[in-house]
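Undergrad: Before we start, here is the structure in question, set down as structure tokens.
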Amino acid sequence: QFEIRGSSPDSLGLVWTASPRANAGATFSSVAEITLRDAGNNIVSAPEFASMTVSAMISGAEGVFVLPDGSRSTTYEITASNGVAAFSQMRIGGKASTSYTIQFRVTVETISNSATISQTLTVTKTGIFVDAGMPSSIEVVDQPGNRTAGSNFLISPKIRLLDAFGNYTTLGQKSIAA
């Protein structure tokens, strides 16, 4: 791999596992790394591009990024270091078994004949999945009816655990006694 200083960015490079998957709200074990590439697919690490801002946008049913401060958003921005933007804290929330797409975007400004030219570069990753996350609430599935004290319920009450995104989860199961 070569490093060419002073070359102009032409595209974005993305290194991430073939099929990223994590529990909803949990950090991915693999890191999405974004780099600027020139027309020859070489990494562009010129000083003016070394600390670029990379935006990520998620699409798919109820998909959101869980940002480092715990808030939720459909966009996530980080600043590159030495020309590489590593999304090491990326967490996604959404519906289990739904395919999500993330588009990474950078706007690059170059100067040509004393004119500033803005160019938006994108790279897209599809086939990103989340599994149910850690429990955060309990849902009553079968509600028992009113009964006279001392008599048995006709329907036994049933509950299930849900993660913060409404997915049924078996993670962190605990015994519940009535």
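The values are calculated or read from the model by the stated rules, or taken from the named source; none is laboratory data. This is a predicted model, so every value here is computed, not measured. Reconstructed Cβ throughout: ideal geometry from the backbone, glycine too, with neighbour counts over all protein chains shown. What goes into the accessible areas is simple: the full protein's heavy atoms, side chains included, and nothing from ligands, DNA or RNA. Shrake-Rupley method; radii C 1.70, N 1.55, O 1.52, S 1.80 Å.
Undergrad: Which strands (runs of 3 or more DSSP E) does segment 61-178 wholly contain that include 3 or more residues that are hydrophobic (A, V, I, L, M, F, W, C)? Before you say what the answer is, go through the steps one by one.
TA: Values: elements: 64-66, 75-79, 84-87, 100-112, 115-131, 135-142, 158-163.
The qualifying strands (runs of 3 or more DSSP E) are 64-66, 84-87, 100-112, 115-131, 135-142, 158-163.
Undergrad: If you check Ala32 against the conditions, is it modelled with pLDDT of 90 or more and touching a Phe, Trp or Tyr at 6+ places or on another chain (Cβ under 6 Å)?
TA: On the way: modelled with pLDDT of 90 or more: yes; touching a Phe, Trp or Tyr at 6+ places or on another chain (Cβ under 6 Å): yes.
Judged against the criteria, Ala32 is a match.
Undergrad: Taking Gly93, is it in contact with a strand residue (DSSP E or B) (Cβ under 6 Å, 6 or more places away or on another chain) and either on the phi < 0 side of the Ramachandran plot or of a type in the set (Lys, Arg) (or both)?
TA: Numbers: in contact with a strand residue (DSSP E or B) (Cβ under 6 Å, 6 or more places away or on another chain): yes; either on the phi < 0 side of the Ramachandran plot or of a type in the set (Lys, Arg) (or both): yes.
Spelling it out, Gly93 is indeed in contact with a strand residue (DSSP E or B) (Cβ under 6 Å, 6 or more places away or on another chain) and either on the phi < 0 side of the Ramachandran plot or of a type in the set (Lys, Arg) (or both).
Undergrad: Working carefully through the options Arg91, Arg105, Arg72, Arg21, find the one that is under 30 Å from Gly133 (Cα atoms), touching a Ser or Thr at 6+ places or on another chain (Cβ under 7 Å) and either open to solvent by 80 Å² or more (accessible area, probe 1.4 Å) or free of Cβ contacts under 8 Å to residues at least 12 places away in the same chain (or both).
TA: Values: Arg91 fails: either open to solvent by 80 Å² or more (accessible area, probe 1.4 Å) or free of Cβ contacts under 8 Å to residues at least 12 places away in the same chain (or both); Arg72 fails: touching a Ser or Thr at 6+ places or on another chain (Cβ under 7 Å); Arg21 fails: touching a Ser or Thr at 6+ places or on another chain (Cβ under 7 Å).
Exactly one residue qualifies, and that residue is Arg105.
Undergrad: Search segment 42-58 for residues being among the hydroxyl-bearing types (Ser, Thr, Tyr) and at pLDDT below 85, and hand back the single one that is least open to solvent (accessible area, probe 1.4 Å).
TA: We begin by selecting, within segment 42-58, every residue among the hydroxyl-bearing types (Ser, Thr, Tyr); these are 45, 51, 53, 55.
Among the residues that remain, those that are also at pLDDT below 85 are: 45, 51.
Numbers: Ser45: 14, Ser51: 76 Å².
Among those residues, the one meeting the criterion is Ser45.
Undergrad: Next question, about the same structure. Looking only at residues that are of a type in the set (S, T, N, Q) and open to solvent by less than 60 Å² (accessible area, probe 1.4 Å) in segment 24-36, which one is farthest from Met134 (Cα to Cα)? Outline the logic, then answer.
TA: At the first step, the residues of segment 24-36 found to be of a type in the set (S, T, N, Q) are 27, 29-30, 35.
Now drop any that are not open to solvent by less than 60 Å² (accessible area, probe 1.4 Å), which leaves 30, 35.
Details: Ser30: 19, Thr35: 33 Å.
Ranking the candidates gives Thr35 first.
Undergrad: Considering (1) modelled with pLDDT of 95 or more; (2) polar (S, T, N, Q); (3) farther than 17 Å from Thr53 by Cα, say which one Ser151 fails and leave the rest.
TA: Only one criterion in (1) modelled with pLDDT of 95 or more; (2) polar (S, T, N, Q); (3) farther than 17 Å from Thr53 by Cα is unmet by Ser151, namely (1).
Undergrad: Here's a follow-up. With over 19 Å from Thr122 (Cα atoms) and open to solvent by 50 Å² or more (accessible area, probe 1.4 Å) as the only criterion, which of Ala61, Ala39 stands out? Full working, then the answer.
TA: Values: Ala39 fails: over 19 Å from Thr122 (Cα atoms).
Just one listed residue meets the conditions, Ala61.
Undergrad: How about segment 129-161: which of its residues are touching a residue at least 24 places away in the same chain (Cβ under 8 Å) and hydroxyl-bearing (Ser, Thr, Tyr)?
TA: Hits for segment 129-161 are Ser136, Ser137.
Undergrad: Restricting segment 121-132 to residues that are among the β-branched types (Val, Ile, Thr) and open to solvent by less than 80 Å² (accessible area, probe 1.4 Å), which is farthest from Asp163 (Cα to Cα)?
TA: First pass over segment 121-132, keeping only residues among the β-branched types (Val, Ile, Thr): 122-124, 126, 128, 130.
Keeping just the survivors that are open to solvent by less than 80 Å² (accessible area, probe 1.4 Å) gives 122-124, 128, 130.
Numbers: Thr122: 32, Val123: 30, Thr124: 28, Ile128: 19, Val130: 12 Å.
This residue is Thr122.
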